[in-house]
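Worksheet for the structure shown next.
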Amino acid sequence: MIKIRNFHLSLPKMLTLGFIIIILIGTVLLRLPVATNSDHATSFLTAFFTATSATCVTGLTLVNTALHWSLFGQVVILFIMEIGGLGFMTFTVMLFLFIRRRMRLSTQLLAQESLNLDNLSQLSVIKLIILLSFIIQLVGSGLLFIDFYPRFGLTKGLWFSLFHAVSAFCNAGFDLFGNSLESFTNDPYVLGVMSLLIIAGSFGFLVWQDLLLFHKRHHLSLHTKLALGTGAVLMVLSLIVYLLTENNLAQLKPLSAGNRFMNTVFMAITPKTARLVTLPYTKLSIAGIAFTMFLMFVGGTPGSTAGGVKTTTIGLLTIQSIATLRGRRDATFGHRRFTQENMFRALTLIFVALIILAGATLILCATQPIPKTNGLESVTFEVLAAFGTTGISLGLTPHLTVLGKLIIMALMFIGRVGIYTVMFSILNADRQQKNYRYPEESVLIG
């Protein structure tokens, strides 16, 4: 517990409060008349929704980012995307490193909780990861500028390159083109650069740490192996499914088969993390939309900018299910056995996520003016897009009532901050174990 004056705040509450403060600051700045092209103040709900979406690196919007927001408003969105993507505690650590002051234990614990680190010793590598993050974004900006300069000129090309490099790396999904990346379906170079930025941002701190220190350790942690393995399987599976269900994006038929394949690869990357799209999802087949829902539910790697239940959760439960069905006692991967605590947390996470998603879907279906045809599909898709912080939309969000938009905002917040952090904050959870346990007894399952 951290004591602030007369209040005792747990680490989860501090993290939740930190994200809320960032959102409120972003809301105030976006409410200023100078933040819009019309020089009129944006409504509170629109500014609040945009700030939440940017901080939670989702990309769902109520207004067109390119047309509604001025350069000042776009800069505000850029900064809160960066803070939300890397985590506000990352910038706190960066400040202490810059001024060369030692962090208090409470700050170290908060940073450990925020970045999903196993122990405090891992904070030593954050400086390297922060530096790498900015280098990747700058290199990405430079690579995009090669393409954007001939299109938009020097000043606009530089700004568009920086904004979209940050948006892609932070998996935020905001764009300044007005139609995401639909104008770049015939530009495999831009799609390739954006894909690499999205993948780099979706790794997470622990994976980057293992990869950066591999030349010294010659060893990858079980977490990194599982995250990379599950991510690779999902990537290949996504590519195969989209190739089959969308017939290699036959909707883009004027394009060559090679360019359509590149667009399919891009589509296989984005649904787990980022909103950037080259084709409106309303043009996908029902099977393609259903599979996209699954990918949004899964999300990305723990400790990254992605939402969802995370790839390691799905990977762990898949391995455990296979082991159980084969009559084996232990679930193993990479010559290591998963802990029971891992299993309990994964199962609890899946269960709570399903309850939240089902509750949100039910409330939206009961209270919102949804389409008469494919209404449930649209609502479920929007709910999963918010929870997974992917921001992909079938166009329903702008038409929701105030209650509906608040629910979508809450889902974005839970997806970014994390179910456990939010639930621990609300329920005042105490992680200390009781010094007694009741006798165990079995019940029938299945």
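Rounded to 0.05, the FRET efficiency of the residue 218 and residue 332 pair, given R0 = 25 Å and the Cβ-Cβ distance, is 0.70.
Ordered from highest to lowest accessible area with the whole protein assembly present and a 1.4 Å probe, 377, 441, 341 read as 441, 341, 377. Computed over the chain, the per-residue total of -39500 (n - 2.57) for DSSP H runs of n ≥ 4 gives a 222 nm mean residue ellipticity of -20000 deg cm²/dmol, rounded to 500. Ordered from largest to smallest accessible area (heavy atoms of protein chains, 1.4 Å probe), the residues 216, 283, 405, 13 come out as 216, 283, 13, 405. Helices that extend 24 Å or more along their long axis by alpha-carbon positions and average at least 0.0 on the Kyte-Doolittle scale are, among the DSSP H runs of the chain, 11-31, 126-152, 222-245, 340-367. Could you run the Debye sum over the Cα atoms of segment 312-419, one equal point scatterer each and no solvent, and tell me log10 of I(q)/I(0) at q = 0.13, 0.20, 0.21 Å⁻¹, two decimals? With no solvent term, the Cα-only Debye profile gives -0.59, -0.95, -1.00. The share of C-alpha pairs in segment 256-358 whose separation exceeds 23 Å stands at 41 percent.
Could you tell me the distance between the Cα centroids of segment 367-393 and segment 143-211, to the nearest Å? Measuring centre to centre over Cα atoms gives 26 Å. Leaving ligands, DNA and RNA out of it, work out the accessible area of residue 149 with a 1.4 Å probe and give it in Å² to the nearest 10. Only protein atoms counted, so the area is about 120 Å². For residue 262, the solvent-accessible surface computed with a 1.4 Å probe is close to 40 Å², ligands and nucleic acids excluded. When a/c is below 1.5 the answer is rounded, else prolate if a/b is larger than b/c, else oblate, so apply that to segment 185-243 with a ≥ b ≥ c taken from the square roots of the Cα gyration tensor eigenvalues. Oblate.
Take the Cβ atoms of residue 38 and residue 410, set R0 to 35 Å, and the FRET efficiency comes out at 0.75. Pairs exceeding 28 Å between alpha-carbon atoms, taken from 225/253; 156/272; 283/405: 225/253; 156/272.
Accessible area ranking (1.4 Å probe, heavy atoms, ligands and nucleic acids excluded), largest first, for 365, 170: 365, 170. For segment 130-279, the gyration tensor built on C-alpha atoms gives an oblate shape. Its axis ratio a/c (a ≥ b ≥ c) is at least 1.5, and a/b is not larger than b/c. For segment 203-275, the solvent-accessible area works out to 44 Å² per residue, with a probe of 1.4 Å and every protein chain left in place. Computed over every Cα-Cα pair of segment 206-312 and binned at 5 Å starting from 0, the pair-distance distribution P(r) comes out as 2, 13, 21, 20, 15, 11, 9, 6, 3, 1 percent. Dividing the convex hull volume of the alpha-carbon atoms in the chain by its residue count gives 187 Å³ per residue.
The values are calculated or read from the model by the stated rules, or taken from the named source; none is laboratory data. Computed from a predicted model, the values in this text were never measured in an experiment. Using ideal geometry, Cβ is built from the backbone for each residue, glycine included, and neighbour counts are taken over all protein chains shown. Remember, those area values only see protein heavy atoms, side chains included, never the ligands or the DNA or RNA. Shrake-Rupley method; radii C 1.70, N 1.55, O 1.52, S 1.80 Å.
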